[in-house]
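Just so it is clear, none of the values below were taken in a lab; they were calculated from the coordinates. Only a predicted model underlies this, so the values are computations on that prediction, with no experimental measurement involved. Here the Cβ positions follow ideal geometry from the backbone for every residue, glycine too, while neighbour counts run over all protein chains shown.
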């Protein structure tokens, strides 16, 4: 069961196991990497360099998670962006061979965040070459995509980086299924200052029923942690033309939170699940601040 009483380890602060620079992350940097299906585009990498982000990996739980981060020596608050489900399926009923996103929306959003300390975390099994992916079971981008193993690993990666810079507060941002994971991470931590999501699958039991696909039996569901999440300041965004996550999914989650809660849903006209969140993200961050979420 998901532990909602997270307690940071008492060991001294240690530097997270980041592998940085050069071609260490060949699949991320565009360097030669035989068997890699998809990487991060050169345009995004140029933007990351311009914004002083460095790519690397954090070993957390059973996974090596791809990360990009801009980290000062010390910061009070760490903004964390969690990537979406990626290419989980190649067709409606056929599981993909590689869950790496074709377009890492959460990373593009993170690069537009002006905060001093920003961390982007990919999901398990993303950005691995063919050989490495053989050791990452496909259930982690299928029915177990929001499992306790996945949530604990991403939480551990966040904790490692937060401890290194001495952050006392965590702001969580999740895109699509990354919003699901972000909510589940928020349910197990005591230092989450706010939660922002975009097109998040916050009640995947309802989501699978609406789409007529098999339930995610190995996954935790944010609606089941409503009692813990009710007190977390949160803002959820959805595109009016989103065909992947309908409003009913987020409304179900908000209904489960009950009243009073510190959560709201904002629907953006002319947007869908993919377009055009990174471009608008700086304005949405400011909007969240006016709602007293204060990212």
Seminar exercise, completed: Of the conditions (1) assigned to a loop (DSSP other than H, G, I, E, B); (2) closer than 19 Å to residue 155 by Cβ, the single one that residue 241 does not satisfy is (2)
Seminar exercise, completed: Taking segment 69-93 and keeping only residues that are free of Cβ contacts under 8 Å to residues at least 12 places away in the same chain and under 15 Å from the mean Cα position of the chain (by Cα), one is left with none
Seminar exercise, completed: The helices (runs of 4 or more DSSP H) lying wholly within segment 123-221 that contain at least 1 residues that are in contact (Cβ under 8 Å) with a residue 60 or more places away in the chain and buried (at least 22 other Cβ atoms within 10 Å of the Cβ) are 148-165, 177-188
Problem set entry | Inter-residue pairs, beta-carbon under 8 Å, first on the phi > 0 side of the Ramachandran plot and touching a residue at least 24 places away in the same chain (Cβ under 8 Å) and in segment 261-281, second surrounded by 17 or more Cβ atoms within 10 Å (Cβ to Cβ) and not in a loop (DSSP other than H, G, I, E, B), 6+ apart | 270/239
Exercise. Can you spot a residue in segment 240-247 that is closer than 25 Å to residue 80 by Cβ and free of Cβ contacts under 8 Å to residues at least 60 places away in the same chain?
Worked result: yes
